[in-house]
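Scroll down for the structure; my scribbles are underneath it.
The values are calculated or read from the model by the stated rules, or taken from the named source; none is laboratory data. All of these numbers come straight from a predicted model, not from anything done at the bench. Every residue, glycine as well, gets a Cβ built from its backbone with ideal geometry; the counts of neighbours run over all protein chains shown. Please note that ligands, DNA and RNA were not included when accessible areas were found on the heavy atoms of the full protein model with its side chains. Shrake-Rupley method; radii C 1.70, N 1.55, O 1.52, S 1.80 Å.
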Amino acid sequence: MYSKTSFVTATAAALLMTGSALAETLTIATVNNGDMIRMQGLTDDFTKKTGHEVEWVTLEENVLRQRVTTDITTKGGAFDLMTIGMYETPIWGKNGWLVPLDDLSAEYNVDDLLPAMRAGLSHDGTLYAAPFYGESSMIMYRTDLMEKAGLEMPDAPTWQFIRKAAAAMTDRDNDINGICLRGKAGWGEGGAFITVTGNSFGARWFDENWNAQFDQPEWAEALNFFVDMMNESGPSGYATNGFNENLSLFQQGRCGMWIDATVAASFVTNPNDSTVADKVGFALAPNSEGVDKKSNWLWAWALAIPAGTQKADAAKEFIEWATSNGYIELVAEKEGWANVPPGARTSLYENPNYKDIPFAKMTLDSILAADPNNPTVKPVPYVGIQFVAIPEFAGIGTEVSQEFSAAYAGQQSVEEALAKAQALTNDAMEAAGYR
Amino acid sequence: MATQHSRSAARIMMAPAVILLLGWMLVPLTMTLFFSFKKYLPLRGDSMANGLEWVGFANYVRFVGSSSFWPSIQATLIIVGGVLIVTVVLGVLLAMLLDQPMWGQGVVRILVIAPFFVMPTVSALVWKNMFMDPNNGLLSYLWKAVGATPVEWLSQAALPSLIMIVSWQWLPFATLILLTAIQSLDSEQLEAAEMDGAPLLSRFWYIILPHLSRAITIVILIQTIFLLSIFAEIFVTTGGAFGTKTLTYLIFQRVLESQNVGLGSAGGIYAIILANIVAIFLMRIVGKNLDA
């Protein structure tokens, strides 16, 4: 009798515990990009399927980075899931700060993730974050202005062609700039863009012994080219323009060309937001004549679980929901195929419904053309194309891009900016014990 | 007169508040001092639990040796000085204007004070996107309307732009304090001077301004304390680029962007020293007015 009662009590307690484990409330930090905002709108589907509630903390990119970085380094435990990128994932994974995602269910089909995305979000072969969407960068251009200028965009143009086309498309009287590019300070903004531009001119951040390379002629060539082209054909104030500012200019019909993230393609071709939706063409990011590296990057916004969370199982369920094929189909059903999160799964690019989207092929080609393990012409000791995957880079990258932005604004010469970048990078690397 | 007994009682009753306030100040201060002598790079795996390496004054030397240090001190002083000049000069003028009898005085006064209630981040965003944007901003339309090339405010004139934004926020505070002071001015004195034939400028210089000196001192003291730690406006508008990196911003960059807690803490200690030097200087030079 006694044992029977205790059995019943134990079973009831176990059931209760299982019940409470089933209904968790997950706190998720994410970035305020369009695709993530869409995901928030669809969270009900996740709650309906699993019973878990979700609380969102939506932040602007730079603020998100600081919040999640501080939270993870101080073991603050504010979030059960974090939206992080290809820069953070391998570093945090190596430090043991993230829950490995090596036991995702068979139906999730982890092998379907694009190899470049999977590699960029892993450390030592273990996946630490699941890609929500992946991107490279490419040229988006106005087909009507190109035609008016009497030019034809090749699939893989050079910087020299782009400069010529930009000058031909510029029409200052009608407020049309031949080319809009990022100049805003910040490692993930203008810093990312000038780094890939540098790569495509044969430049690199560091030599094999971690010596800064801004005193090399390739950097001077790349930066001078960029500044001259933007002064000829760029919008005024480009030194403070980032992704969002250029997106807005392009959508208003004020840019002939824009080289930026492939995810922007769905925004510039959406007739609800863009005045030029039906006049946009796509091409691979350019390289300088005679240099075998293109100026395209590789990035993924991904979901990761901080190691300290008590709700790892529920968090994994969320990851399986948000980054699965099922989610892609859910978005397609509600918002159309052009708006599904791109660049994460191979099967999406084999899907007949998606193949017809005008930017699908160029996005995939751009992603496939990016190699984070060999980002530059000359050998480098680091991984990463538009960033250097070391913990110190966020600080150094931002300070260097601030010096470059000051050169874009005409506050100092390109040579001064490069000399300062060289000094501050070497200082920081010395402080961190690399040199 | 307080007895020995009542004084003891007062001390006992005040003790909890004093201890709490001291703790509030001393704990972060001691921690900053502690970290400033340590190598603490959280992203490289350093943590309190593993013990931090003692590096002596290396962080202090490195912080001052950085090429960003002196420009940041310069930027801090230019912003503080610029905002003080603008707010005090315009504050006196506005206070005198608002003191004049006029129709709808109450509404006008509320409107003038309104910017003070807007959050710094919001006001910075509004200025950046609605007024100073070189492509879509209101100022650029005005410039274009008269056939001029729009000014790229936040990149080509970053420091003056920041001074303008911050002054806009602090002008109501200065105006409010100075208006209260002007209202306490004896009008008979002014009338007597006017009857004696003193011109407006002399009346202002010899009567109004000396009367306002205490209020001006208070405005300068309080604003300086707040302006030395100005951050949100810079973060939102320029992100520290174009020579707008103040000492506070540099510390933020060292601790949060570079994740070098030791180096940033050494910067924090320098900031405290700088703030104290400025405070003592102000108390000595300007604060004399308060005794008069």
| Per residue of A:402-412, what is the mean number of Cβ atoms on other protein chains within 10 angstrom of that residue's Cβ? | 4
| query | What does the charge add up to near residue A:118, with Lys and Arg as +1, Asp and Glu as -1, over the other residues with Cβ less than 11 Å from its Cβ? | reply | -1
| What ranking, highest mean first, results for peptides A:252-260, B:20-28 when packing means the other Cβ atoms within 10 Å averaged over each residue? | A:252-260, B:20-28
| message | As a quick test, which of the pairs A:48/A:316; A:294/A:355; A:48/A:355; A:311/A:355; A:49/A:311 have an alpha carbon distance above 26 angstrom in this structure? | response | A:48/A:355; A:311/A:355
| query | Rounded to a whole number, what % of the accessible area of the stretch B:204-292 do carbon and sulfur atoms account for, probe 1.4 Å? | reply | 72 percent
| query | What are the lysines whose alpha-carbon lies under 18 Å from the alpha-carbon of residue A:148, with same-chain residues fewer than 8 places away excluded? | reply | A:164, A:279
| So for the protein assembly as shown: antiparallel DSSP bridges make up what percent, rounded to the nearest 5? | 65 percent
| request: Report, ordered by chain and residue number, the aspartates and glutamates lying within cross-link reach of residue A:75, taken as a straight Cα distance under 14 Å and ignoring same-chain residues fewer than 8 apart. | output: B:46
| For residue A:54, distant residues with modelled amide H under 5 Å away | A:26
| task | At q = 0.09, 0.10, 0.13 Å⁻¹, what is the base-10 log of I(q)/I(0) for the stretch B:67-257 according to the Debye formula with one equal point scatterer per Cα and no solvent? Please give it to two decimals. | result | -0.42, -0.51, -0.79
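So what's the back-of-envelope 222 nm ellipticity for the protein assembly as shown, counting only DSSP H runs of four-plus at -39500 (n - 2.57) apiece and dividing by all residues, rounded to 500? Walk me through the numbers before you get to the answer.
Values: 34 runs with 395 residues, N = 727.
Rounded to the nearest 500, it is -16500 deg cm²/dmol.
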| field | Estimated vicinal HN-Hα couplings, Hz - the stretch A:262-278 in sequence order (Karplus 6.51, -1.76, 1.60; Gly, Pro = x) | value | 5, 5, 5, 4, 6, 6, 7, 9, 8, x, 5, 10, 10, 7, 10, 3, 8
| Of all DSSP beta bridges located in chain A, what percent are antiparallel, nearest 5? | 65 percent
| When the Kirkwood hydrodynamic radius is evaluated over all pairs of different C-alpha atoms of chain A, what value in angstrom, to one decimal, is obtained? | 22.8 Å
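Can you give the FRET efficiency for residue B:102 and residue B:187, using 1/(1 + (r/R0)^6), R0 = 25 Å, r = Cβ-Cβ distance, to the nearest 0.05?
Plugging the Cβ-Cβ distance into 1/(1 + (r/R0)^6) gives 0.95.
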| query | When the Cα centres of the stretch B:1-71 and the stretch A:111-189 are compared, how far apart do they sit, in Å? | reply | 48 Å
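For the stretch B:67-257, calculate the relative contact order in percent as a whole number, restricting contacts to Cα pairs under 8 Å that are 6 or more residues apart.
37 percent
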| P(r) tail for the stretch A:316-379, what percent of Cα pairs lie past 15 Å? | 57 percent
| remark: In terms of the alpha carbon gyration tensor, root eigenvalues a ≥ b ≥ c, rounded if a/c is under 1.5 and otherwise prolate when a/b exceeds b/c or oblate, the stretch A:42-138 is rounded
| message | Please state the shape class of the stretch B:5-141: rounded when a/c is under 1.5, otherwise prolate if a/b exceeds b/c and oblate if not, all from the C-alpha gyration tensor. | response | oblate
| field | Residues with amide H under 5 Å from that of residue A:137, placed H, sequence gap 5 or more | value | A:262, A:297
| query | Can you list the HN-Hα couplings for the stretch B:151-158, worked out from phi with the Karplus curve (6.51, -1.76, 1.60; θ = phi - 60°), rounded to whole Hz and with x for Gly and Pro? | reply | 7, 8, 3, 6, 10, 8, 10, 5
| query | So for the stretch B:67-257, taking the charge dipole from beta-carbon charges (+1 Lys/Arg, -1 Asp/Glu), which of B:210, B:185, B:156 sits furthest toward the positive end? | reply | B:156
| note | Quick calc of log₁₀ I(q)/I(0), the protein assembly as shown, Debye, one scatterer on every Cα, no solvent, q values 0.05, 0.06, 0.09 1/Å, result -0.31, -0.44, -0.92
| Mean-position separation - Cα centroids, the stretch B:216-292 and the stretch A:364-419, in angstrom | 31 Å
| query | Residues with amide H under 5 Å of residue A:385's amide H, sequence separation 5 or more or different chain, H placed in the peptide plane at 1.01 Å from N; which? | reply | A:298
| Table column - 3J(HN,Hα) (Hz), the stretch B:106-120, Karplus curve with 6.51, -1.76, 1.60, x for Gly and Pro | x, 5, 4, 4, 5, 5, 5, 7, 3, x, 5, 8, 8, 4, x
